[in-house]
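Where a number appears in this text, it was derived from the coordinates with a stated rule and is not lab data. All of these numbers come straight from a predicted model, not from anything done at the bench. All Cβ positions, glycine included, derive from the backbone under ideal geometry; neighbour counts span all protein chains shown.
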Amino acid sequence: MAEESPLKLSVKRHLSSKQLSTEQLQALNRLQQTGADDRPPLPESAEPSQDSPRRRFHWLLAAAAACLLLGIALLHPLLSPGPTKTPLSVQIAQEVAKNHIKMKPLEVSTTDLQRVRDYFSELDFAPISSDIFRPKAGQLQGARYCSIQGVTAAQLRYTQSDGMLQSLYEVGYDPELFGEIPRVDQGEEPLVIYAKGVKVSLWVEKDLLVVSAENSK
Amino acid sequence: MFDHQHLNQLYQYCYSLTANEADAYDLLHTALEKWLRSNHQGSTTAIAYVRTIIRNQFIDQYRKQQRFPEESLEEQNAGGHGGELQVPDLSLLPLEQTIINERDLADLWQLLTLKERELLYLWAVEGYSIDEISREQDCPRGTLLARIHRLRKKIARHQQQNLPQTMRRQDG
């Protein structure tokens, strides 16, 4: 079989890094199954004018939702029982879950961990191949820079055999910034938190805070 | 019904047209809605049919609003008003021989014209020949050849401009 040209390979890899998020896939599946359009309406200029009754309904719905949100925003200070401090581990889990759901485009697409390490030249730590994560890791797809609690971190993305995506985040561990997280080097078990429907596991390994995220099954 | 792989394939085609992920999703969603309303759902060439809907939808919605600039007159006339450019065959060879790494291509992607991006998609992802692309885009072969020629020059120019930066990265 003839070898593919470098340009063709680059185009394929660049485009294959553009993947629909889990939410988008679910929305499109729902659309195909039921024909239900749960997408927010397009701006006035983006649709032809013959659908106007349906669009008017969408706009009314959007206006009602906006009023509701405004009302909640105004009433929130009155209804809220006062500031509560969310544990740092939960804050991290929520941040990571949000980031995992977004599935932002990869900055480097590769199955080679060494290439990922070479790419992260701006980090002040060396990304590791986690002993905890490796056994359940799927195929490495690539990586991108991200941040956890404002600290620059590495995000690696894997695909499991069933097509589900996993994200692995690594950042230099600072207990003051991230709180006390289980240290697997000392025999502790990773902390598992569910946030936004995502299973998030946190642990400290080789002096790095490592966080994995995958959709709950 | 399209599975995830096909949906992503169509999404990547949308992205090759829009060069914007949010616009690509909107385009795909609208095209699927149209396809579901059509009588072609059982078609064995559903992917190709939806791709045509996507292309027409993109042209209707986006280019008429001039959110994306029209291609230059030079691009339109490059093939000589539908006339064939006198160039030898093996027309995709210049692309086959072009060397560019993934990171440079990602940088360059936003600088490519809509037609260049679509050409690359059809060639690299769908594996189309020059004649198939010509039929798909309803574009004279000569125009495509001129486009390939300019695309190759653009890639070379981009790489030349980025050479010092790449060398600095390697030094660092």
Which of B:L108, A:L61, A:L15 has the fewest Cβ neighbours within 10 Å, and the rest in rising order: A:L61, B:L108, A:L15
Segment B:L36-B:D60, length gained on full extension (0.36 nm per residue, minus Cα span): 6.8 nm
Under the Karplus curve 6.51 cos²θ - 1.76 cosθ + 1.60, θ = phi - 60°, whole-Hz ³J(HN,Hα) for segment A:94-111, x wherever Gly or Pro sits: 5, 5, 5, 4, 4, 5, 4, 5, 5, 6, 4, x, 6, 8, 9, 10, 6, 9
Efficiency of FRET from Cβ geometry, A:L61 and A:Q149, R₀ 41 Å, rounded to 0.05: 0.65
Beta bridge orientation in segment A:139-217: antiparallel %, DSSP, nearest 5: 95 percent
Two-site FRET efficiency, A:E189 against A:T34, from Cβ-Cβ distance with R₀ of 45 Å, rounded to 0.05: 0.60
Cα centre as origin, Lys/Arg/Asp/Glu Cβ charges: segment B:115-157 dipole, Debye: 480 debye
Cβ-derived FRET efficiency at R0 41 Å, B:H6 paired with B:D107, nearest 0.05: 0.90
